[in-house]
Amino acid sequence: MAQFGFDNDIHSILKLDMPITNAPMARWQRKASSSMSTSCANTSALSPGKSGNRSLSLSKTPSKTPGKNGKTQCTPSKAGGDRFIPTRNNKQMDVASFLLSKENEPMDTNPSAATSENQKAWSVTLNGYDIEEAKILHLGGKPLNAPEGRPTVGNDCDLMSVACCQNLVSNSLFFAGYQNNLKVLYSQIPTPVSTKKNRYIPSVPDRILDAPELRNDFYLNLLDWSSRNLLAVALHNSVYLWDATQGDIVLLMKMEREEDYICSVSWIKEGNFLAIGTSDCKVQLWDVENQKRLRSMASHTARVGSLSWNNHILSSGSRSGHIHHHDVRVADHHIFTLSGHSQEVCGLEWSPDGRYLASGGNDNLVYVWPGVQEGSGQGSNAVHGFNEHQGAVKALAWCPWQPNILASGGGTSDRHIRIWNVTSGSCISALDTQSQVSSLKFAPNYKELVSGHGYAHDNVVIWKYPSLTKVAELNGHEGRVLNITMSPDCSTIATVAGDETVRLWKSFELDPVKKKAKERMVKSTSSSIHQSIR
């Protein structure tokens, strides 16, 4: 008999359709028995001869919990709690039951349109919505909006509130926000860190242009970008214009003698006139729209390797070390000469506000000159002279958002970028780039500094200003970078190098929202030249 009883037990277990009689009690059964025993104890506590205090201690949760240092924390008594619990009324439960039972009914394959419309109308009238589109589990009620914008947990929050807040933050759940009796725990508004997007800087150029017969001369300035989106490039004895909008290329001019060559190009602020410095000691002025030379100004005794505009004043630096100011509105254009450099002036740059002119030379010096006063040639004495560089200073750049800040870069024997405050005459910072600095440009869109390098890296580097921490390196040139210029919208830089290529890098494009805001702030400016150029 024992063998038959054992076989019957094994057969019952394998069938899995009958409860196991000798298994441990299920959790719901334990809870049911526990609640029944508690209710019996409460009932017995009300009978005569039993202690009432003991029964109360078993059925009632203490209202105060002992805390640290003998303090007590009160459980919130107002509605709100530390969690948002959705509600389901009886009507929603009836709808859910109806939808569940309806799933087992066969589908009507040919329902008439009139019947469907009538059913929908009755459903909307009775329930307030179409029963066909109702959800089985529908949650009603909304959490209260939090008055504060970021998650905060107070010192008097209970443990459950803190745990709930940590769970919500860790799972990145931003609900509508709620408020309990103590503190605001979370909100739907994300923190600024969570919304910050990383900026993408392409490591390859957006476009590469051939520049055959480009002179690989460190001291020349052969590239400039106009406010009308025209890129001027000097190739040996010719100047070409590339329309960045249309992509067209135009030959603007070519020198008569084959042995002569172009040394520098510079656009006026309005972008309609181009100044060209040549090896035959002259400065030519060209009307680009009509492709016509307006005048040729002769005053230097050596090649003109650097040019810079300040309204109607054109400043030119030559190999002789002299800087000439030209008033292009008058016939007698040469109005003043600045003497300070003992060797070739290879860097020349006016400040954005026109108050200062910075010059760098092959004598390793940087001079800051005062602006030209109207009707006089005052300004022969330099405001500052900096001699900290140990190499030729060609790279000069003024900060657009801080007009009193000047950046300068030294040649192969120096390799430093130095930041100057021209108001106080002090060097704010210096950075060893481990490479020849040939060009500098400030990028206002992200407040950064761009440097072009020759030996030994032959690349372009983007630095964060004013910390001068490296943001990105742009590699691709196979020769030393000679010049850097920036597009009118400050989103793209153009670099020209000894490998006879011009490369365009889209490294500073703004977000669409920021771009629209910037366009609204930009106002149209009228030309500052009111008299015709003779």
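Structural remarks
- Just one residue in the set SER318, SER296 is more than 26 Å from ALA397 (Cα to Cα), small (Gly, Ala, Ser) and touching a strand residue (DSSP E or B) at 6+ places or on another chain (Cβ under 6 Å); that residue is SER296.
- Residue match in the stretch 393-403 (condition: touching a residue at least 60 places away in the same chain (Cβ under 8 Å), within 25 Å of the chain's Cα centre (by Cα) and closer than 27 Å to SER315 by Cα): yes
- Restricted to strands (runs of 3 or more DSSP E) entirely inside the stretch 373-445, those with at least 1 residues that are of a type in the set (Phe, Trp, Tyr) are 384-386, 393-398, 416-421, 437-443.
- So HIS453, is it more than 19 Å from ALA232 (Cα to Cα), open to solvent by 10 Å² or more (accessible area, probe 1.4 Å), at pLDDT 95 or above and in contact with a strand residue (DSSP E or B) (Cβ under 9 Å, 6 or more places away or on another chain): no
- Condition check for SER226: crowded, with 16+ Cβ neighbours inside 10 Å and more than 29 Å from CYS490 (Cβ to Cβ): no
- Which numbered condition LEU285 misses (of (1) at positive phi; (2) in contact (Cβ under 8 Å) with a residue 60 or more places away in the chain): (1)
- Every test in (1) within 22 Å of MET486 (Cβ to Cβ); (2) touching a Lys or Arg at 6+ places or on another chain (Cβ under 9 Å); (3) charged (D, E, K, R) is passed by ASP353 save one, and that test is (2).
- Single match in SER264, SER296 (criterion: out of contact with any Ser or Thr (no Cβ under 6 Å at 6 or more places or on another chain) and either open to solvent by 30 Å² or more (accessible area, probe 1.4 Å) or within 17 Å of LEU348 (Cβ to Cβ) (or both)): SER296
- Residue in the stretch 409-422 that is polar (S, T, N, Q), open to solvent by 60 Å² or more (accessible area, probe 1.4 Å), free of Cβ contacts under 8 Å to residues at least 12 places away in the same chain and closer than 26 Å to ASN364 by Cα present: no
- In the stretch 267-278, the residues that are open to solvent by less than 30 Å² (accessible area, probe 1.4 Å) and not β-branched (Val, Ile, Thr): TRP267, GLY271, LEU274, ALA275, GLY277
- All positions within the stretch 423-448 that are hydrophobic (A, V, I, L, M, F, W, C) and surrounded by fewer than 23 Cβ atoms within 10 Å (Cβ to Cβ): CYS427, ILE428, ALA430, LEU431, PHE442, ALA443
Matching residues to (1) crowded, with 18+ Cβ neighbours inside 10 Å; (2) at pLDDT below 95; (3) closer than 16 Å to ILE405 by Cα:
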| position | (1), (2), (3) |
| --- | --- |
| GLY321 | yes, no, no |
| LEU348 | yes, no, yes |
| SER351 | yes, no, yes |
| ALA358 | yes, no, yes |
| VAL366 | yes, no, yes |
| GLU374 | no, yes, no |
| GLN378 | no, yes, no |
| HIS389 | yes, no, no |
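- Condition check for VAL393: under 21 Å from ILE484 (Cα atoms), modelled with pLDDT of 95 or more and open to solvent by less than 10 Å² (accessible area, probe 1.4 Å): yes
The values are calculated or read from the model by the stated rules, or taken from the named source; none is laboratory data. Everything quoted here is computed from the prediction, not taken from an experiment. Virtual Cβ from ideal backbone geometry, glycine too; neighbours counted across all protein chains shown. Side chains are part of the model used for accessible areas, which takes the heavy atoms of the whole protein and leaves out ligands, DNA and RNA. Shrake-Rupley method; radii C 1.70, N 1.55, O 1.52, S 1.80 Å.
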